[in-house]
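Every number in this text was worked out from the coordinates using simple rules, so none of it is lab data. Computed from a predicted structure; not experimentally measured. Positions of Cβ are backbone-derived with ideal geometry, glycine not excepted, and every protein chain shown enters the neighbour counts.
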């Protein structure tokens, strides 16, 4: 069987087969929304970028020690296109994968995977607990506090932003804008 282009419904069904954690599902929806948003900014394929964002952590919950490796096996068995698989593997570059992000889509995924975590944590610290009133300056302030969201690798975000050739503030702003579009779905509508 030849590789078929997966749609969102197929991706979601596959995701829910491997991911049960509510927080990991919310992260998947967040990354999907941000990938779609950046695809739109760059005039790229929003469906493709979104699907890749949605399943990027497919193997993380069941196979944490084989993250970014096991996903290749799973997606090949599902006849996913090689460029989708490569993009997903590249988001773990230097951590759990030796697949370097080279395509714009890969660079965005590499950058925003960690960045969404920092923005999410920043939004939850606000009195409103909402992404809707989270600003770039708040994220930058929290960025400097090494103890805040300590699991977020800021070096990876920096490296990704550099790869994209964009300003840090712009990447943060666009990521926030994308997350606002799905605020309720990702649990960040808060009390506004």
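Overview of values
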quantity: Highest average packing first - 95-105, 171-181, Cβ atoms within 10 Å; calculated: 171-181, 95-105
quantity: Potential lengthening between residue 184 and residue 9 on full extension [0.36 nm per residue; Cα-Cα distance subtracted]; calculated: 61.0 nm
quantity: Residue order, fewest to most beta carbons within 10 Å, for 111, 4; calculated: 4, 111
quantity: Share of alpha-carbon pairs per 5 Å distance bin for segment 94-189, given as whole %; calculated: 2, 14, 25, 25, 18, 11, 4, 1, 0
quantity: Rg followed by Dmax, in Å, when segment 11-72 is reduced to its Cα trace; calculated: 11.8, 36
quantity: Residue of 69, 89, 145 that the Gaussian network model of the chain assigns the largest fluctuation, springs spanning Cα pairs under 10 Å; calculated: 145
quantity: Structure-based [θ]222 nm, the chain - -39500 (n - 2.57) summed over DSSP H runs of at least 4, per residue, nearest 500; calculated: -19000 deg cm²/dmol
quantity: Degrees between helix 8-18 axis and first principal axis of the chain (Cα, 0 to 90, nearest 10); calculated: 90
quantity: Estimated FRET transfer efficiency (residue 95, residue 158; beta-carbon r; R0 22 Å; 0.05); calculated: 0.95
quantity: Among 73, 32, 106: highest mean-square fluctuation, GNM of the chain, C-alpha pairs under 10 Å; calculated: 73
quantity: Cα centroid separation - segment 1-70 against segment 138-162, whole Å; calculated: 23
quantity: Inverse of mean 1/r across different Cα pairs in the chain, Kirkwood, Å; calculated: 16.6
